[in-house]
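S.K.: Below is one structure. I have some questions about it.
The values are calculated or read from the model by the stated rules, or taken from the named source; none is laboratory data. Since the model is a prediction, treat every value here as computed from it, not as a measurement. Heads up, the Cβs are rebuilt from the backbone with ideal geometry, glycines too, and the neighbour counts pull from every protein chain shown.
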Amino acid sequence: MSNIFDELRLTCRRLTLNRYHKEAAIGALTKEHGRTQPVILTIDVWVGNTLKNDRLDAVYDYRLLPAAADTVIAAGHIELQETLVERIAQTLLADDRVRAVRVYSVKPEAYENCDGIGVEIFRLARPGKTL
């Protein structure tokens, strides 16, 4: 029996938005309200591994990855990184071509003496969507 990652590797193409730097109104602490702070996002999507020709309209347009993050961030203040990554994942999974998504968010200024604090999720498309 293979695991889901083996299946995704064999049947899908993975696209990655690596370390996308954004300013976001995010945070549950009082000091985090009314201002923005940097977040760094890494987003992976797995889409079907079919290529019909060498044209952009034949593949999943990877500009959709930063666009999903931008849309979620522009919607207004978010208390938790958990909410941020979930909303980005759900935005991307709304596209029937997306089979799975991984979203990793880091707040680099949240704590001293470290590079940041982060949250990561992995979500599969709704049941019944063919891998």
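Residues checked against (1) in contact (Cβ under 8 Å) with a residue 24 or more places away in the chain; (2) not in a helix (DSSP H, G or I); (3) not aromatic (Phe, Trp, Tyr):
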| site | (1), (2), (3) |
| --- | --- |
| Arg13 | yes, yes, yes |
| Lys22 | yes, yes, yes |
| Thr42 | yes, yes, yes |
| Trp46 | yes, yes, no |
| Asp54 | no, yes, yes |
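S.K.: Here's a follow-up. Would you mind telling me which numbered condition in (1) among the hydrophobic types (A, V, I, L, M, F, W, C); (2) out of contact with any Lys or Arg (no Cβ under 7 Å at 6 or more places or on another chain); (3) buried (at least 18 other Cβ atoms within 10 Å of the Cβ) Leu56 fails?
M.R.: (3)
S.K.: While we're looking at this one, here's another question. Could you list, in sequence order, all residues of the range 74-100 that are aliphatic (A, V, I, L, M) and touching a Ser or Thr at 6+ places or on another chain (Cβ under 9 Å)?
M.R.: Correct list: Leu84, Val85, Ile88.
S.K.: If only one of Val106, Val72, Val85 is more than 17 Å from Leu124 (Cα to Cα), β-branched (Val, Ile, Thr) and not in a strand (DSSP E or B), which one is it?
M.R.: Val72
S.K.: Now for a different question. Considering each residue of the range 111-128, count those that are outside any strand (DSSP E or B) and either touching a residue at least 40 places away in the same chain (Cβ under 8 Å) or crowded, with 19+ Cβ neighbours inside 10 Å (or both), and give that number.
M.R.: Final tally of qualifying residues: 2.
S.K.: Another one. Got a number for residues in the range 83-105 being in contact (Cβ under 8 Å) with a residue 24 or more places away in the chain and exposed (fewer than 13 other Cβ atoms within 10 Å of the Cβ)?
M.R.: Going through the range 83-105 one residue at a time, the tally reaches 1.
S.K.: Does Gln90 qualify as being under 26 Å from Asp6 (Cβ atoms) and at pLDDT 95 or above?
M.R.: yes
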